[in-house]
Amino acid sequence: MPQRIRPAQSLSGDVSLPGDKSISHRYAIIAAIAEGDTRIRNYATGGDCRSTLGAIEALGVPVERNGTDVVIHGRGLDGLREPAAPLDAGNSGSTIRMLSGILAAQPFTTHIGGDASLSRRPMDRIMQPLGLMGAHISARDGRFPPLDVQGAPLHGIAYTLPVPSAQVKTCVLLAGLYADGVTEVHEPLRSRDHTEIALREFGAGLRVASRVITLQGRPTLTARDLIVPADLSSAAFFIVAALLLPGSTLTIRGVGLNPTRATLLDFLASMGAPVRVLDIESRNGEPVGDLLVESAPVRGGMIEKETTAALIDEIPVLAVLGASSEGGLVIRDAAELRIKESDRIATIAENLRRMGVEARELPDGLEVPGRQRFHAAKLDSFGDHRIAMAFTIAALCADGESVLYSSEAAGVSFPDFFTTLARCAGASAA
């Protein structure tokens, strides 16, 4: 569906954003195998997190929905049942990768797949460690969805992640809940730790030391009342828009500020961006606070090495910011972007060029010179939610009305993105 986007004068006011997608997935999956009823408030509204709820329901877990409030009637570690039909993960790599860790231990075989985009995303990163734990998984062409997960008794392993990946780490730890003995995951670089925090909240015996996570198998997980903080990755689009549009002053309420995700704020600070953190508190082990953003010119920067891993979801909108910055933006060590919902390196470069912005595509990243202007253009999300939202922000800064095709992709993580943005920008995203 095409979305017409007119230039905006500024962003202003207070805004509350959807619950964090990463945390919502984890709370729902762990709640399904906990004992008792877990209430989750501000559960993420996007299609990916709905896919997770649908999958656990198909596994025999009752779920009640009331807007952004969800109640999950946990069945315990051994209470899941064989689904009557293949599980549908939709567009959600998080759903298929994380849930496979639990499916690997069940006394039945599960068929799980998704849409055309998900079917192009490789799964060998989870198949390899799960196989070492005793699971039997087959895939199309040996590595692509759909997957047939044949449950089996699992044993603990010590596994070193070949590359930093919170989804793979989570898959192994969830499998480790069912394994005999101890499961260890060694991280080459620290990745987001929502799984470790959530497992502790539910009562799992887990230790973290020097990037080694140790989990004792067969814990008793107990239901909790939980509040999901607002998604910092969603906030990134509003932060960049407020920085770019002169005269903007925007407050974003209740944002998750987990240190493994807050690299975004550190990186923006290094560019000279005036983003202030207000009123920090802890909710269910996750730090939460309000953000105050004011428009300002920013310096350029470089995203590489461990910073790339920490900012992988924010790179599309940071590339937009980089084009307007004083010194431009260089992105390296981001080859993983080529196997997201789209080849994000290619789709970022393509849309920037459509807007008259110079961008050089690298095998593992991009070079975007600074001090460039955005021109009105016909843009395409290529079915990728983060590309859709990033180039909506670019279009707000253009010299005329732009059209974004396949704009419905934004609904994967943020169904109300356009209406929320329009309220802040004076209905520019029509």
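The values are calculated or read from the model by the stated rules, or taken from the named source; none is laboratory data. Keep in mind it's a predicted model, so treat the numbers as computed, not measured. Positions of Cβ are generated from backbone atoms using ideal geometry, with glycine treated the same way; all protein chains shown enter the neighbour counts.
Yes/no matrix, rows are residues, columns are (1) crowded, with 21+ Cβ neighbours inside 10 Å; (2) of a type in the set (A, V, I, L, M); (3) touching a residue at least 60 places away in the same chain (Cβ under 8 Å):
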site: LYS21; (1), (2), (3): yes, no, yes
site: SER24; (1), (2), (3): yes, no, yes
site: ILE33; (1), (2), (3): yes, yes, yes
site: ASP37; (1), (2), (3): no, no, yes
site: ASN42; (1), (2), (3): yes, no, yes
site: SER51; (1), (2), (3): yes, no, yes
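Applying the selection to region 377-430, what residues are of a type in the set (Lys, Arg) and either assigned to a loop (DSSP other than H, G, I, E, B) or in contact with a Pro (Cβ under 7 Å, 6 or more places away or on another chain) (or both)?
The answer is ARG386, and nothing else.
Is it true that VAL293 is over 21 Å from the mean Cα position of the chain (by Cα) and surrounded by fewer than 20 Cβ atoms within 10 Å (Cβ to Cβ)?
For VAL293, the condition - over 21 Å from the mean Cα position of the chain (by Cα) and surrounded by fewer than 20 Cβ atoms within 10 Å (Cβ to Cβ) - is not met.
Looking at region 375-391, can you tell me whether even one residue there is basic (Lys, Arg), crowded, with 24+ Cβ neighbours inside 10 Å and on the phi < 0 side of the Ramachandran plot?
Looking through region 375-391, at least one residue is basic (Lys, Arg), crowded, with 24+ Cβ neighbours inside 10 Å and on the phi < 0 side of the Ramachandran plot.
In region 317-369, how many residues are in contact with a helix residue (DSSP H, G or I) (Cβ under 7 Å, 6 or more places away or on another chain), touching a residue at least 60 places away in the same chain (Cβ under 8 Å) and either surrounded by fewer than 18 Cβ atoms within 10 Å (Cβ to Cβ) or not assigned by TED's automatic domain parsing to the domain that holds SER270 (or both)?
Matching residues across region 317-369 total 0.
Given the conditions (1) free of Cβ contacts under 8 Å to residues at least 60 places away in the same chain; (2) not assigned by TED's automatic domain parsing to the domain that holds GLY411, and given that ALA296 satisfies all but one, which numbered condition is not satisfied?
(2)
Residue-by-condition table, conditions (1) assigned to a strand (DSSP E or B); (2) hydrophobic (A, V, I, L, M, F, W, C):
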site	(1), (2)
VAL330	yes, yes
GLU336	no, no
GLU341	no, no
THR347	no, no
LEU352	no, yes
GLU358	no, no
GLU367	yes, no
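Considering only region 98-127, state which residues are free of Cβ contacts under 8 Å to residues at least 40 places away in the same chain, within 16 Å of ALA85 (Cα to Cα) and of a type in the set (Gly, Ala, Ser).
Hit for region 98-127 is GLY113, nothing else.
For LEU215, indicate whether it is over 21 Å from ARG261 (Cβ atoms), without any contact (Cβ under 8 Å) to a residue 60 or more places away in the chain and in the same structural domain as ALA32 (by TED's automatic domain parsing).
Yes, satisfied.
Can you go through GLU196, GLU187 and tell me which one is in contact (Cβ under 8 Å) with a residue 12 or more places away in the chain and within 21 Å of PRO219 (Cα to Cα)?
It is GLU196.
Restricting to region 264-283, give me the number of residues that are of a type outside the set (Phe, Trp, Tyr) and buried (at least 18 other Cβ atoms within 10 Å of the Cβ).
6
Only one residue in ALA323, ALA273, ALA346 is modelled with pLDDT of 95 or more, small (Gly, Ala, Ser) and in contact with a Pro (Cβ under 8 Å, 6 or more places away or on another chain), so which one is that?
Result of the check over ALA323, ALA273, ALA346: ALA323.
Let me spell it out: the conditions are (1) of a type in the set (Val, Ile, Thr); (2) closer than 30 Å to ARG26 by Cβ; (3) modelled with pLDDT of 95 or more, and ILE312 meets all of them except one. Which number is the exception?
Tallying (1) of a type in the set (Val, Ile, Thr); (2) closer than 30 Å to ARG26 by Cβ; (3) modelled with pLDDT of 95 or more, ILE312 fails exactly one: (3).
Please tell me if LEU245 is touching a helix residue (DSSP H, G or I) at 6+ places or on another chain (Cβ under 8 Å), farther than 20 Å from PRO287 by Cβ and in the same structural domain as VAL298 (by TED's automatic domain parsing).
It is true that LEU245 is touching a helix residue (DSSP H, G or I) at 6+ places or on another chain (Cβ under 8 Å), farther than 20 Å from PRO287 by Cβ and in the same structural domain as VAL298 (by TED's automatic domain parsing).
Would you mention how many residues in region 260-289 are of a type outside the set (D, E, K, R), out of contact with any helix residue (DSSP H, G or I) (no Cβ under 6 Å at 6 or more places or on another chain), without any contact (Cβ under 8 Å) to a residue 40 or more places away in the chain and not in a strand (DSSP E or B)?
Number of matching residues: 7.
Name every residue in region 171-195 that is out of contact with any strand residue (DSSP E or B) (no Cβ under 6 Å at 6 or more places or on another chain) and either more than 23 Å from PRO153 (Cβ to Cβ) or charged (D, E, K, R) (or both), in order of residue number.
Hits for region 171-195 are GLU187, PRO188, LEU189, ARG190, SER191, ARG192, ASP193, HIS194.
Go through region 248-259 and report how many residues are assigned to a loop (DSSP other than H, G, I, E, B), of a type in the set (Ser, Thr, Tyr) and out of contact with any helix residue (DSSP H, G or I) (no Cβ under 7 Å at 6 or more places or on another chain).
0
Residues to consider are ASP88, ASP78; find the one that is touching an Asp or Glu at 6+ places or on another chain (Cβ under 9 Å) and acidic (Asp, Glu).
ASP88
Within region 228-236, is there a residue that is part of a strand (DSSP E or B), among the small types (Gly, Ala, Ser) and surrounded by 17 or more Cβ atoms within 10 Å (Cβ to Cβ)?
The answer is yes; a qualifying residue exists.
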